[in-house]
Amino acid sequence: MSGDVHRYHRQMLLPGWGEDTQRRLSESSALVVGVGALGSVSAELLVRAGVGRVVLADRDVVELTNLQRQLLYSEDDLGRAKAVAAADRLRRINSGVMLKPVVEDLRGERVLELTRGAGVIVDGTDNFETRYVLNDAAVACGVPMVYGGAVGTAGMVLPVVPGVGPCLRCVSGELPVATATCDTAGVLGPVTAMVGARQASIALQLLTGRDVRPLLESIDGLGGEGRLLDVTPLKDGDCECCVRRRFEFLERDDEGAVVLCGRDSVQVTPAGRRRLDTESVVASLRAHGSFDADQGVIRGRFAAERGERGEAIGLFVFGDGRAIVSGTSDPARARSVYARYVGA
Ligand SMILES: [Zn+2]
């Protein structure tokens, strides 16, 4: 680490942040789930600060509508797996950090495996289904998690520290209901940056062994009027997750097809995990349209398959067999396209 002291000089000048703290950070590990708007900012700040290892998990690909706020990506990244594009960019920022991209929809045992190796989970997801999976994993493994969310011009941040404060399910009444999302209500880029930066700040405190209080921060990206709520009294003495330790979200294995919010596309997850033979799948797809494979992700469009609105059906297939079928919002249609061209 000695050669890196100069790189981290400005943060090592901070009160209580000497060489020991910097070394502790260099030996720590963070799991960032979702490298969209929030995860772009938090992951970059953690990498620049010198966290030793950062795992970047994201199931999605970079789209044009992401570029308004997802700071790690440029036009060159359109269509690339986000986790891979993010890791490439972050490697150029700090080659001393070990970066591991994970292009998967995290579920069950896999979340536990990644959580066990982490000192903190940073929630960069955009849906409560996945957040509750992370919350289960955090409580089950005793690893703190930093929740973050942003919709419209408002954001929220909350550290969930197992054994110290309530978990996400205890405080669910204080969190926004899932009726408004970025896809339907829009989102202001500066708000997501504020939330991601606060998450990174809390993660750095946790990774360097500082005490973090269970405060729910509400961020107003327009007027600047924030609010802090001590959620300690909201701990639910009957909580299924953090009291009874029943981790039902970890036990769910989403099979089948899920319509991705507001995007005219459907995610298809095959029954059971498997590794795909990318080369042979892309070779057979080429008979039906223009397809290529980039770092294990197959992408392309069918020549003759059309969706409900007459657009060509597109397909992304990831190494674990999961696929995103675009140009349709009909789960049955998406499943049938998958079964026909990728295999049941
Ligand atoms: Zn709880």
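Candidates are the residues of the range 66-114 that are more than 17 Å from the chain's Cα centre (by Cα) and β-branched (Val, Ile, Thr); the one that is surrounded by the most Cβ atoms within 10 Å (Cβ to Cβ) is VAL97.
Taking the criterion of being without any contact (Cβ under 8 Å) to a residue 40 or more places away in the chain and either in contact with a strand residue (DSSP E or B) (Cβ under 9 Å, 6 or more places away or on another chain) or not small (Gly, Ala, Ser) (or both), would at least one residue in the range 316-326 satisfy it?
First pass over the range 316-326, keeping only residues without any contact (Cβ under 8 Å) to a residue 40 or more places away in the chain: none.
No, the range 316-326 contains no residue that is without any contact (Cβ under 8 Å) to a residue 40 or more places away in the chain and either in contact with a strand residue (DSSP E or B) (Cβ under 9 Å, 6 or more places away or on another chain) or not small (Gly, Ala, Ser) (or both).
Here is a check on your reading of the model: is ARG107 farther than 14 Å from GLY36 by Cα, in the same structural domain as GLY50 (by TED's automatic domain parsing) and within 16 Å of the ligand (Cβ to nearest atom)? Spelling it out, it is not the case that ARG107 is farther than 14 Å from GLY36 by Cα, in the same structural domain as GLY50 (by TED's automatic domain parsing) and within 16 Å of the ligand (Cβ to nearest atom). Among the residues of the range 127-143, the one identified as within 14 Å of the ligand (Cβ to nearest atom), under 21 Å from GLN205 (Cβ atoms) and in contact with a helix residue (DSSP H, G or I) (Cβ under 6 Å, 6 or more places away or on another chain) is ALA137.
The helices (runs of 4 or more DSSP H) found entirely in the range 169-251 that carry 1 or more residues being closer than 30 Å to SER26 by Cβ and away from the ligand (no atom under 14 Å from the Cβ) are 189-207.
For the range 6-43, enumerate the residues that are of a type in the set (Asp, Glu) and either assigned to a helix (DSSP H, G or I) or modelled with pLDDT under 95 (or both). Break it down stepwise before answering.
At the first step, the residues of the range 6-43 found to be of a type in the set (Asp, Glu) are 19-20, 27.
Selection gives GLU19, ASP20.
To keep it simple, each residue is scored yes or no on (1) surrounded by fewer than 18 Cβ atoms within 10 Å (Cβ to Cβ); (2) in contact (Cβ under 8 Å) with a residue 24 or more places away in the chain; (3) among the aromatic types (Phe, Trp, Tyr); (4) touching a helix residue (DSSP H, G or I) at 6+ places or on another chain (Cβ under 6 Å).
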site: GLY196; (1), (2), (3), (4): no, yes, no, yes
site: ALA200; (1), (2), (3), (4): no, yes, no, yes
site: GLN205; (1), (2), (3), (4): yes, no, no, no
site: GLY209; (1), (2), (3), (4): yes, yes, no, no
site: GLU217; (1), (2), (3), (4): no, yes, no, no
site: ARG227; (1), (2), (3), (4): yes, no, no, no
site: THR232; (1), (2), (3), (4): yes, yes, no, no
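Residues of the range 90-105 that are part of a helix (DSSP H, G or I) and touching a helix residue (DSSP H, G or I) at 6+ places or on another chain (Cβ under 8 Å): LEU90, ILE93.
Filtering ARG110, ARG131 for residues that are in contact with a Ser or Thr (Cβ under 6 Å, 6 or more places away or on another chain) and of a type outside the set (Ser, Thr, Tyr) leaves a single hit, ARG131. ALA137 passes every criterion in (1) assigned to a helix (DSSP H, G or I); (2) surrounded by fewer than 22 Cβ atoms within 10 Å (Cβ to Cβ); (3) at pLDDT 90 or above apart from (2).
Against the numbered list (1) out of contact with any Lys or Arg (no Cβ under 7 Å at 6 or more places or on another chain); (2) surrounded by fewer than 16 Cβ atoms within 10 Å (Cβ to Cβ), SER265 comes up short only at (2).
The values are calculated or read from the model by the stated rules, or taken from the named source; none is laboratory data. The model shown is predicted, which means the values in this text are computed figures rather than measured ones. A quick note on method: Cβ atoms are made from the backbone with ideal geometry, for glycine too, and the neighbour counts reach across all protein chains shown.
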